[in-house]
Amino acid sequence: MTNLEILNKFTKNTLQKMREAHTYRTMRLIESPESSHVMLHVKSEGSSCKQILLASNSYLDLANVPELKQAMAAAVLKWGTGSGGARLTTGNKTPHEELEAEIAKFKGEEAAITFNTGYMANVGTISALCGKNDFVFSDELNHASIIDGIRLSRAKCFVYKHNDMADLERVIEAAKAEFCAREKLNGENANDADFRGLIVTDAVFSMDGDIANLPELLRIAHTHDCLLMIDEAHATGVLGNTGRGLAEHYGCEHADVTVGTLSKAVACEGGFVVGKQQLIDFLRNKSRSFIFTTAMAPAVAAAACNNLKFIDSHPERVQQLQENVKFFCERLRSKGFDVPETKSAIISIVIGDEEAAMNASAELLKRGILIPAIRYPTVAKGSARLRASVMATHTREDLEQAAKEIANVFAKR
Ligand SMILES: Cc1ncc(COP(=O)(O)O)c(C=O)c1O
């Protein structure tokens, strides 16, 4: 067999099937920095056109702020282009520790640890905390990085219905019964105190934009002696009066383990975990995606730290984002869209059919509005959607125009 024939055995059928099912992915090319308006490359015409970007995770629009760019450039000049080693060898530089101290302060927690991405933070945290004798309770709409972390841990996973607290309690009871039966089979005394369960959920669900019920999750975790972990990827810089996240939003205590990312509202790169010092010491020693990788570039750590300080000193930017979300949802509702109440910056308009969602997104592009279609496998089959995300710097005119064009595109269908 030729090399190509062997490669075909692994790839060709899959690609073919994806094309047929309209789930084959290509990348769009943006020729300007991430901001509320971008220049989109139009391949067919070899040119670019201006779009209102309603698709960014840079919710506070900090990626292109002159003073933050200058601070990052200065950090590159001071710290160079790379860290040169893992955190536990030679990679740990002053900006890494300053960043961790800043994250802990911002989140109001004892300590923080950073990872190179939020994906690595989730994978490395769950697989360090849990092993094959443990139980994980996971919301059915959790992010892929949580799912992958659970798989890697080899813990027994019970998936509960989305945001359904009664179902969560049901699966915890089922797991406890299974645990006791297993212990008995092994000739051990069935003892609830030995049961180890981790409840894990997105704080803001990335494809629907709805929010986890933290007060109720805390109650259930306490009642059943489980550890509670939340992923604040889309909550940091977005929820709560000053963007601290879900606990600030509800005015309640924090989860035991809070994961976040520096790549969305913080507009940089990296992931983090905050919590008790003991948790952070444990992860530094046990988390493989922290240990076995080169530390992020110190200049990236310095930039993330600066951006976080900027959020800390500009709560009005967070409030502007929240007002924009409210305004955009109201405009969509006024045009007949059934947009659920949300405080997050993610607003999804579910279409269903994959091809129809792709067509709607393409039609919006022609009208100068960039809102991607999200399809299987990112969301369940048949629940393809337009997923819009609002930024703090969108003007009322931007949002009004976007709502109008969405309505026009739907009217044509
Ligand atoms: C809920 C959630 N968790 C984790 C991540 C991963 O974060 P990162 O992009 O920093 O890897 C994402 C998105 O990327 C996300 O949406």
**Report entry** Span from the segment 19-46 Cα centroid across to the segment 187-219 one, whole angstrom
**Finding:** 38 Å
Query raised in the report: Looking at this model, which pairs from LYS381/LYS412; LYS326/LYS404; LYS335/LYS412; LYS69/LYS309 are more than 19 angstrom apart at the alpha-carbon?
Result: LYS381/LYS412
Report summary line: Final fewest-first order of MET358, MET27 on the 10 Å Cβ neighbour count is MET27, MET358
Report summary line: Taking Cα atoms only, helix 3-20 is inclined relative to the longest principal axis of the chain by an angle, in degrees rounded to 10, of 70 degrees
**Report entry** Residue order, fewest to most beta carbons within 10 Å, for MET391, MET207
**Finding:** MET207, MET391
Query raised in the report: Which three lengths, in whole Å and largest first, does segment 1-151 cover when its Cα atoms are put on their principal axes?
Result: 52, 52, 36
Query - Selected from ASP192, ASP225, ASP208 as most flexible by GNM, with the chain as the system and alpha-carbon contacts under 10 Å - result: ASP192
Report task. List, in order, the whole-Hz ³J(HN,Hα) value for each residue of segment 258-265 obtained from phi through the Karplus relation with A = 6.51, B = -1.76, C = 1.60 and θ = phi - 60°; use x for Gly and Pro. Result -> 10, 9, x, 10, 9, 9, 9, 4
Report task. Would you mind estimating how fast segment 247-401 diffuses translationally, via Stokes-Einstein at 20 °C and 1.002 mPa s with the Kirkwood radius over Cα pairs, in µm²/s? Result -> 115 µm²/s
Report summary line: Per the Kirkwood formula over distinct C-alpha pairs, the hydrodynamic radius of segment 66-313 in angstrom is 18.5 Å
Query raised in the report: Which of SER138, SER48 comes first, and how do the rest follow, when ranked by fewest Cβ neighbours within 10 Å?
Result: SER48, SER138
Query raised in the report: Among LEU62, LEU239, LEU129, which one shows the biggest mean-square fluctuation in a GNM of the chain, springs joining Cα atoms closer than 10 Å?
Result: LEU129
Report summary line: Asserting the computed 222 nm helical MRE of the chain (DSSP H runs at least 4 long, -39500 (n - 2.57) per run, divided by residue count, to nearest 500) equals -14000 deg cm²/dmol
Query raised in the report: Which residue fluctuates the most in the chain, going by a Gaussian network model with Cα springs under 10 Å, if the choices are ARG367, ARG317, ARG385?
Result: ARG367
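Every read-out reported here was derived from the displayed coordinates using simple, explicitly stated rules and does not represent laboratory data. Keep in mind that what you see is a predicted model, and the values were worked out from it rather than measured. Positions of Cβ are generated from backbone atoms using ideal geometry, with glycine treated the same way; all protein chains shown enter the neighbour counts.
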